[in-house]
Amino acid sequence: MSMRIFSGIKPSGMIHIGNYLGMIRPMVESQRRGDLFCFIANMHSLTTLSDANMMRQYTNDALLDLLALGIDPEKSTLWIQSDVPEVAELTWYLNNVTTVGLLERCHAYKDAIAKGLAPNNGLFSYPVLMAADILLYQSDRVPVGKDQKQHVEVARDIAIRFNNTYGNAFTIPEEEIADEIAVIPGIDGQKMSKSYNNYIEIFGAEKPIKKKIMSILTDATPVEAPKDPDTSIIYAIYKLFGTQEQSTALADRFRAGGMGYGDAKKQLFELLWEYFQPFRAKREELVANMDYVASLRKSGAEKARQVASQTIDSVRKLVGVL
Ligand code: TYM
């Protein structure tokens, strides 16, 4: 059996270039080397989003985005989490082999507490639902950005605990994180994130995207002075998309002096706008064919469900509800 590669995205805002580099692009490339399972984690969005219309919109957008960016439903399994409700049942079984202490150490919950918030139980037990995603589909490898590393480790812990308690039900998953894309910076230099509002979206309109890029944080080095590309957020993002030649040329202009940051930002905007041009065209085609997209949603869920129902059947027997 070929290696199963599994990952997902939570539809709680617009998909951004951090998601693209950290997860989507590696997943698209994985379609050639393994059996790809890619899903939209809409049940995870419920931990922070309570507007049904927004839920539907973000979920739908995420499906269009992933298809446009190259997840191929012929070569992979692409579905929406809630279309395979077995995951909620598995979450319950897994809850009972998960200690509260393990979840208390998870960063999303710890961050919420540190900010003085009163997180709901959904946020607290979010890593268990995520473990259920990964384990339900017997995943071998999980490509993610660094921010999700802890969650994949929790899934491993839970899988081992369950297998030891009841017998072997689950493949033990491993995360896959490439160094150069582990943490993509946002326009303020912190990790790019939907929740920090420092992201550069992929499928937005030209003007707001340009405005965001023009507001990337820089230091006060004057136009004439030489600049260090390696401390610049502009260059950090540029080199992730540019060819070797393009990146070297920009780095040389930084070092030579005479180029203002505004000029460098314009170059970054142009590079990104051009990079995503074919994907924008693909997305427009899909939007004009929503019946086709709906049929893909349905067939994706059916494919995913075949695997899910096998796992859940054996788990039901192992825990003794069947
Ligand atoms: P989410 O939606 O926050 O992010 C989707 C993917 O994008 C990666 N990512 C980044 N990578 C590098 N730099 C960044 N600045 C950056 N921002 C986001 C994330 O690491 C992630 O890989 N809980 C998950 C969704 C999920 C999931 C799963 C993933 C639910 N169940 C099972 C894998 C397996 C999440 O909220 O990702």
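The values are calculated or read from the model by the stated rules, or taken from the named source; none is laboratory data. Small disclaimer: the values here were computed from a predicted structure and weren't measured. Every residue, glycine among them, receives a Cβ derived from its backbone with ideal geometry; neighbour counts consider all protein chains shown. Ligands, DNA and RNA are excluded from the accessible area calculation, which covers all protein heavy atoms including side chains. Shrake-Rupley method; radii C 1.70, N 1.55, O 1.52, S 1.80 Å.
Failed condition for G101, given (1) out of contact with any Pro (no Cβ under 9 Å at 6 or more places or on another chain); (2) closer than 24 Å to G300 by Cβ; (3) assigned to a helix (DSSP H, G or I); (4) open to solvent by less than 30 Å² (accessible area, probe 1.4 Å), with all others met?
Failed condition: (2).
Among the numbered criteria (1) surrounded by fewer than 20 Cβ atoms within 10 Å (Cβ to Cβ); (2) part of a loop (DSSP other than H, G, I, E, B); (3) within 13 Å of the ligand (Cβ to nearest atom), which one does P11 miss?
For P11, the failing item is (1).
Taking the stretch 31-57, which residues are more than 13 Å from the ligand (Cβ to nearest atom) and either of a type outside the set (A, V, I, L, M) or part of a strand (DSSP E or B) (or both)?
Across the stretch 31-57, the qualifying residues are Q31, R32, R33, G34, D35, S50, D51, N53, R56, Q57.
Please enumerate the residues belonging to the stretch 14-25 that are more than 9 Å from the ligand (Cβ to nearest atom) and either among the charged types (D, E, K, R) or assigned to a helix (DSSP H, G or I) (or both). Please lay out each step first, then the result.
Just the residues of the stretch 14-25 that are more than 9 Å from the ligand (Cβ to nearest atom), to begin with: 14, 25.
The one that is more than 9 Å from the ligand (Cβ to nearest atom) and either among the charged types (D, E, K, R) or assigned to a helix (DSSP H, G or I) (or both): R25.
Looking at the stretch 140-196 only, could you name the residues that are near the ligand (Cβ under 10 Å from one of its atoms) and of a type in the set (G, A, S)?
Hits for the stretch 140-196 are G145, A155, A178, A182, G186, S193, S195.
Can you tell me which of E153, E104, E86 is at pLDDT 95 or above, in contact with a Lys or Arg (Cβ under 8 Å, 6 or more places away or on another chain) and closer than 25 Å to D313 by Cα?
Values: E153 fails: in contact with a Lys or Arg (Cβ under 8 Å, 6 or more places away or on another chain); E104 fails: closer than 25 Å to D313 by Cα.
It is E86.
Residue by residue, here is whether (1) among the small types (G, A, S); (2) closer than 12 Å to I187 by Cβ holds:
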position: I216; (1), (2): no, yes
position: D230; (1), (2): no, no
position: T243; (1), (2): no, no
position: T248; (1), (2): no, no
position: G258; (1), (2): yes, no
position: E270; (1), (2): no, no
position: F276; (1), (2): no, no
position: R280; (1), (2): no, no
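Looking for whichever is surrounded by 15 or more Cβ atoms within 10 Å (Cβ to Cβ), in contact with a strand residue (DSSP E or B) (Cβ under 6 Å, 6 or more places away or on another chain) and of a type outside the set (D, E, K, R) here; the options are P173, P229. Which one fits?
It is P173.
Which pairs turn up if I take residues in the stretch 195-211 that are in a helix (DSSP H, G or I) and look for partners that are within 13 Å of the ligand (Cβ to nearest atom) with beta carbon separation below 7 Å, at least 6 apart in sequence or on another chain?
If the second residue must be within 13 Å of the ligand (Cβ to nearest atom), the pairs left are Y196/G186; Y196/Q190; I209/I200; I209/E201.
So which of T165, T91 ends up being open to solvent by 30 Å² or more (accessible area, probe 1.4 Å) and more than 30 Å from Y275 (Cα to Cα)? I'd like the intermediate steps shown before the answer.
Details: T91 fails: open to solvent by 30 Å² or more (accessible area, probe 1.4 Å).
Answer to the check: T165.
Are any residues in the stretch 116-132 part of a loop (DSSP other than H, G, I, E, B) and not small (G, A, S), and if so, which ones?
L117, P119, N120 - these are the residues of the stretch 116-132 that are part of a loop (DSSP other than H, G, I, E, B) and not small (G, A, S).
Could you grab me the full set of residues in the stretch 256-274 that are surrounded by 13 or more Cβ atoms within 10 Å (Cβ to Cβ) and more than 20 Å from E206 (Cβ to Cβ)?
G257, M259, G260, Y261
Any residue in the stretch 34-51 that is touching a residue at least 60 places away in the same chain (Cβ under 8 Å) sitting within a Cβ distance under 6 Å of a residue that is crowded, with 20+ Cβ neighbours inside 10 Å and assigned to a strand (DSSP E or B)? List the pairs, counting only those 6 or more apart or interchain.
Hits for this filter: G34/I5; F37/F6; F37/T77; F39/G8; F39/W79; A41/G8.
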